[in-house]
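Colleague: Handing you a structure now.
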Amino acid sequence: MAFAGENARFGVTMFPTEYAIQPIELARAVEARGFDSLFFPEHTHIPASRATPFPGGGELPKQYSHTFDPFVALGACAAVTSRISLGTGICLVIQRDPITLAKEVASVDFISGGRFIFGIGAGWNREEMENHGADYRRRWAQVREKVLAMKSIWTEEAAEFHGGHVNFDPIWSYPKPVQPGGPPVWIGSNPSPWVFDRVAEYASGWMPIGGLGSGSLEKLRAACDKVGRRVEDVTLALFAAPTKADTLRGRIDQGFDEFIFALPSETADSILPMLDQLAETVRTIRAG
């Protein structure tokens, strides 16, 4: 029996900042070392009030307020690569206008030749959202409608959407994405009572941090069954994946298809050796 790791895909994520390795150099290095994907996160800004605690504990790391716009950075990466997938990990949909965002996503997908992965989430920083006029308490309901509206824009000649949070009459918007139906939508969210239904309804992948949690696959299968989908068709992507080969093999056995290693926002002198080491781990996994 072939080892499942032969089919696993491996990528990296990093906050692209003005003081770190530049996105173009990083993208070239990622592709040259045989990785499969590169993801950039998003924070439009960080409110100086800092009332919302950082989920990771302690002080909020510097890169959160220094990160580039992911679509600008990924567009630059698309121009200098030909093979790797390029994704948001994650895009804060709640803070963006869906019509504009649909065009940004479609543009990167078109420019890259259909290599974009749309990792999404609702975010955690209440003040950041509220600066954009978003309702923190109803953030997931707004994300849902924005994603559904974008899917209409990507697939319909004259798209329209009428919901409680998003509402527009027929519009023309081009380019359309290269990928049929639009890029894959991966929900970046840890296990919760609601994530499984969200993935089953309007996403093609689930991207938790760290692991699945007890009973998650069974819950995801039940949610997919309710809407007539196969859980096997849902991509499981592990964000901030472990870097040890034995631990990775265990995650592959759990059913993960994609693994995204987290890199610090540092210069090329630090990042390139890290990529070399990770690439060697990936080669070990793929060798069985």
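Every number here is computed from the coordinates shown, using simple stated rules; none is lab data. Please read these numbers as outputs of a predicted model, since none were measured by experiment. Reconstructed Cβ throughout: ideal geometry from the backbone, glycine too, with neighbour counts over all protein chains shown.
Colleague: So residue 197 fits all but one of (1) exposed (fewer than 14 other Cβ atoms within 10 Å of the Cβ); (2) assigned to a helix (DSSP H, G or I); what number is the exception?
Modeller: Of (1) exposed (fewer than 14 other Cβ atoms within 10 Å of the Cβ); (2) assigned to a helix (DSSP H, G or I), only one is false for residue 197: (1).
Colleague: Which count do you get for residues in segment 15-50 that are buried (at least 22 other Cβ atoms within 10 Å of the Cβ) and in contact with a Gly (Cβ under 8 Å, 6 or more places away or on another chain)?
Modeller: 7
Colleague: If you don't mind, there's one more thing I want to ask. Is at least one residue of segment 131-145 outside any helix (DSSP H, G or I), closer than 30 Å to residue 60 by Cα, among the acidic types (Asp, Glu) and free of Cβ contacts under 8 Å to residues at least 12 places away in the same chain? Before the answer, list the steps.
Modeller: Taking segment 131-145 first, the residues outside any helix (DSSP H, G or I) are 132-135.
Checking the rest, the ones that are also closer than 30 Å to residue 60 by Cα come to 132-135.
Right, trim to among the acidic types (Asp, Glu) and you get 135.
If we keep only those that are free of Cβ contacts under 8 Å to residues at least 12 places away in the same chain as well, we get 135.
Looking through segment 131-145, at least one residue is outside any helix (DSSP H, G or I), closer than 30 Å to residue 60 by Cα, among the acidic types (Asp, Glu) and free of Cβ contacts under 8 Å to residues at least 12 places away in the same chain.
Listed here are the residues, each with its yes/no results for (1) out of contact with any Pro (no Cβ under 7 Å at 6 or more places or on another chain); (2) within 26 Å of residue 25 (Cβ to Cβ); (3) among the hydrophobic types (A, V, I, L, M, F, W, C).
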residue	(1), (2), (3)
66	yes, yes, no
73	no, yes, yes
80	yes, yes, yes
83	yes, yes, no
91	no, yes, yes
100	yes, no, no
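Colleague: Out of segment 166-202, which residues are hydrophobic (A, V, I, L, M, F, W, C) and in contact (Cβ under 8 Å) with a residue 40 or more places away in the chain?
Modeller: Filtering segment 166-202 for residues hydrophobic (A, V, I, L, M, F, W, C) gives 166, 168, 171-172, 178, 185-187, 194-196, 199-200.
If the condition is that a residue be hydrophobic (A, V, I, L, M, F, W, C) and in contact (Cβ under 8 Å) with a residue 40 or more places away in the chain, then 166, 168, 171, 178, 185, 186, 187, 194 are the ones that fit.
Colleague: From (1) more than 16 Å from the chain's Cα centre (by Cα); (2) buried (at least 23 other Cβ atoms within 10 Å of the Cβ), pick out the condition that doesn't hold for residue 92.
Modeller: In the conditions (1) more than 16 Å from the chain's Cα centre (by Cα); (2) buried (at least 23 other Cβ atoms within 10 Å of the Cβ), residue 92 misses (1) alone.
Colleague: In segment 135-184, how many are closer than 22 Å to residue 75 by Cα and not basic (Lys, Arg)?
Modeller: 16
Colleague: Across segment 145-193, which residue is farthest from residue 222 (Cα to Cα) among those that are surrounded by fewer than 22 Cβ atoms within 10 Å (Cβ to Cβ) and touching a His at 6+ places or on another chain (Cβ under 9 Å)?
Modeller: Among those that are surrounded by fewer than 22 Cβ atoms within 10 Å (Cβ to Cβ) and touching a His at 6+ places or on another chain (Cβ under 9 Å), it is 169.
Colleague: Among the residues of segment 215-241 satisfying the criterion of being part of a loop (DSSP other than H, G, I, E, B) and among the charged types (D, E, K, R), which is surrounded by the fewest Cβ atoms within 10 Å (Cβ to Cβ)? Write out each step before concluding.
Modeller: Filtering segment 215-241 down to residues part of a loop (DSSP other than H, G, I, E, B) leaves 215, 227-230, 234, 240-241.
Imposing the further condition that a residue be among the charged types (D, E, K, R) reduces the set to 229-230.
Details: 229: 17, 230: 9.
Per the stated criteria, the residue is 230.
Colleague: So residue 208 fits all but one of (1) touching a residue at least 12 places away in the same chain (Cβ under 8 Å); (2) on the phi > 0 side of the Ramachandran plot; what number is the exception?
Modeller: Unmet condition: (2).
Colleague: Hey, residue 191 hits all of (1) in contact with an Asp or Glu (Cβ under 9 Å, 6 or more places away or on another chain); (2) outside any helix (DSSP H, G or I) but one; which does it fall short on?
Modeller: (1)
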